[in-house]
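Reading through the structure tokens given below for one structure.
Nothing in this text is a laboratory measurement; each read-out follows from the coordinates by a stated rule. What you are looking at is a predicted structure, and each value in this text was computed from that prediction instead of being measured. Cβ placement follows ideal geometry from the backbone for every residue including glycine, while neighbour counts extend to all protein chains displayed.
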């Protein structure tokens, strides 16, 4: 019913839908959907009169595709033909879909998808069919992009609610690229972002950006979790400022904007790029409420001993209730929920397959 | 005699639950056989080859008992009565 929260949880072995009412105190677990297939991208889209859940599934053997459900996961489309396809002359073949992003409210049939090998696709019909964005596929720097540990993937898509022609993406490892003309042309936007692993620490491109978030009330301001480094931009990525103030590590993957406060951001720091586990064996979410000037740990209800957890780039999310629900999943298959903006946490499930992404949908609300 | 294409269980739903498909021997090569399969069952073919037409990395195709990877790939010839077997490679995680 309207107001219910659906947590869409992707794992390496299928998708799960965790459901609660608006109180978010008890949860049911539905799944696995697509058992045996990895699900790295999930989305919920209520624009245009739809109530559509989209899932990017990848079979270890039989390839990747987008599945849709208009009944909250009771039934799924297809799989039909592989709807995200590289053009023949590109010589590229789809490996994995890393992100599905509904477009702006003003353009309710448009969705975006980020994939591996790094490319951006768009749908103009609610996710039924997809076309590659040529301006990025043909970018002259593309041949110099290098894959990160997860492959050469376009994993983050940021839209501008005030300007339909502006779009920003993040690619591992190419960094941030922005288009101001609807995707026809793109330029790197990495000034000030460190590339710890390169001789030139501040190249034009080649950064391993892990996640970029934005609040729609302040679309020009972005926050960025880098492969070493936390950054803020006040000018749509033209320049970046280090805001790793008071965090135990500035390495991490996940980053989530507060749904109602443009100064509040959540992250889950990890100890290092070699260890990639929570520092000091404590599972802590960090929150800034002053746009990165300071960060405070949130640990009430989270294990603070022997907690060697990893939260990857899309496994931290928020719902749109007030107070906001904050959620994350771990590589060890745990999902935690907070119904009070991160002040306290409870375990929802603790033995799923490795969690790859968590998205929160408020039925009858806004997609998150 | 026809050429028979044996499907793994995972792909049978894409061919109306058929475990095997019969094709005319005129398909001549594995590529020709897959093309014929794709004309009738395009969703099935998408699971076997990429959009560039290459056999997916973790899919094996045998003609008789010989893997086409160690023969002539998609150009491996097929003749009357041959059996083409599509299988998921032994892999996973």
TODO: Please tell me the relative contact order of the range A:222-337 in percent, rounded to the nearest whole number, where contacts are Cα pairs under 8 Å and at least six residues apart.
DONE: 20 percent
- [ ] Please say if the range A:22-70 is rounded, prolate or oblate, where rounded means a/c under 1.5 for a ≥ b ≥ c the square roots of the C-alpha gyration tensor eigenvalues, and otherwise the choice is prolate for a/b larger than b/c and oblate otherwise?
- [x] oblate
Task: Peptide ranges B:48-54, A:261-267 listed from the most packed, as the mean C-beta count within 10 angstrom indicates - done: A:261-267, B:48-54
Open item on the list: Under the rule a/c < 1.5 gives rounded, and otherwise a/b versus b/c splits prolate from oblate, where does the range A:1-102 land using the Cα gyration tensor?
Closed with: prolate
Open item on the list: Just to compare against my own numbers: the Cα pair-distance distribution for the range A:286-368, 5 Å bins, whole % per bin, please.
Closed with: 3, 14, 22, 27, 21, 10, 3, 0
- [ ] Give me the distance between the Cα centres of the range A:33-56 and the range A:332-368, rounded to whole Å.
- [x] 16 Å
Open item on the list: Per DSSP helix of 4 or more residues, -39500 (n - 2.57); summed, then divided by the residues of chain B. What does that give at 222 nm, rounded to the nearest 500?
Closed with: -5500 deg cm²/dmol
- [ ] Please build a GNM for chain A, connecting alpha carbons under 10 Å apart, and tell me which residue among A:244, A:293, A:254 fluctuates the most.
- [x] A:293
- [ ] Name the residue, out of A:26, A:57, A:356, whose mean-square fluctuation peaks in a Gaussian network model built on chain A with Cα pairs under 10 Å.
- [x] A:26
Open item on the list: Can you order the peptides A:86-92, A:168-174, A:153-159, A:236-242 by their average number of other Cβ atoms within 10 Å per residue, highest first?
Closed with: A:168-174, A:153-159, A:236-242, A:86-92
Task: Full-extension gain in nm, residue A:165 to residue A:340, via 0.36 nm per residue minus C-alpha separation - done: 59.4 nm
- [ ] Per residue of A:87-99, count partner chain C-beta atoms within 10 Å of its C-beta, then hand back the mean as an integer.
- [x] 2
Open item on the list: Let me check against my output: what whole-number percent is the relative contact order of chain B, with C-alpha pairs under 8 Å and at least 6 apart?
Closed with: 38 percent
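Could you give the Stokes-Einstein D for the protein assembly as shown in µm² per second, using the C-alpha Kirkwood radius, 25 °C, 0.890 mPa s?
Translational D for this selection: 107 µm²/s.
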TODO: Along Cα→Cβ, 7 Å out, is where each label goes; now give me the distance between the ones at residue B:58 and residue A:204 in nm to one decimal.
DONE: 3.8 nm
TODO: Just subtract the alpha-carbon distance of residue A:107 and residue A:89 from 0.36 nm times their residue separation and send over the number in nm, one decimal.
DONE: 3.5 nm
Task: For chain A, calculated [θ]222 nm from helices alone, where every DSSP H run of n ≥ 4 adds -39500 (n - 2.57) - done: 0 deg cm²/dmol
Open item on the list: Connecting C-alpha atoms closer than 10 Å in a GNM of chain A, tell me which of A:64, A:344, A:28 has the biggest fluctuation.
Closed with: A:28
Task: Contact order relative to length of chain A, as percent, for alpha carbon pairs under 8 angstrom and 6 or more apart - done: 13 percent
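How long is the gain from residue A:71 to residue A:51 if the chain were fully straight, where each residue apart is worth 0.36 nm and the alpha carbon distance is subtracted?
Extending this stretch completely gives an extra 6.5 nm.
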Task: Inter-probe distance in nm under a simple model that places probes 7 Å from Cα toward Cβ, at residue B:69 and residue A:305 - done: 4.9 nm
- [ ] Over the whole of B:51-60, what's the average partner chain Cβ count within 10 Å per residue? Rounded to a whole number, please.
- [x] 4
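According to the square roots a ≥ b ≥ c of the eigenvalues of the Cα gyration tensor, what is the shape class of the range A:185-272, taking rounded for a/c under 1.5, prolate for a/b larger than b/c otherwise, and oblate for the remainder?
Oblate.
Within 10 Å of each Cβ in A:55-62, how many Cβ atoms from other chains are there, averaged over the peptide?
For peptide A:55-62, the averaged partner shielding equals 5.
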TODO: Could you check the simple spin-label distance between residue A:272 and residue A:238, using points 7 Å along Cα→Cβ, in nm with one decimal?
DONE: 3.9 nm
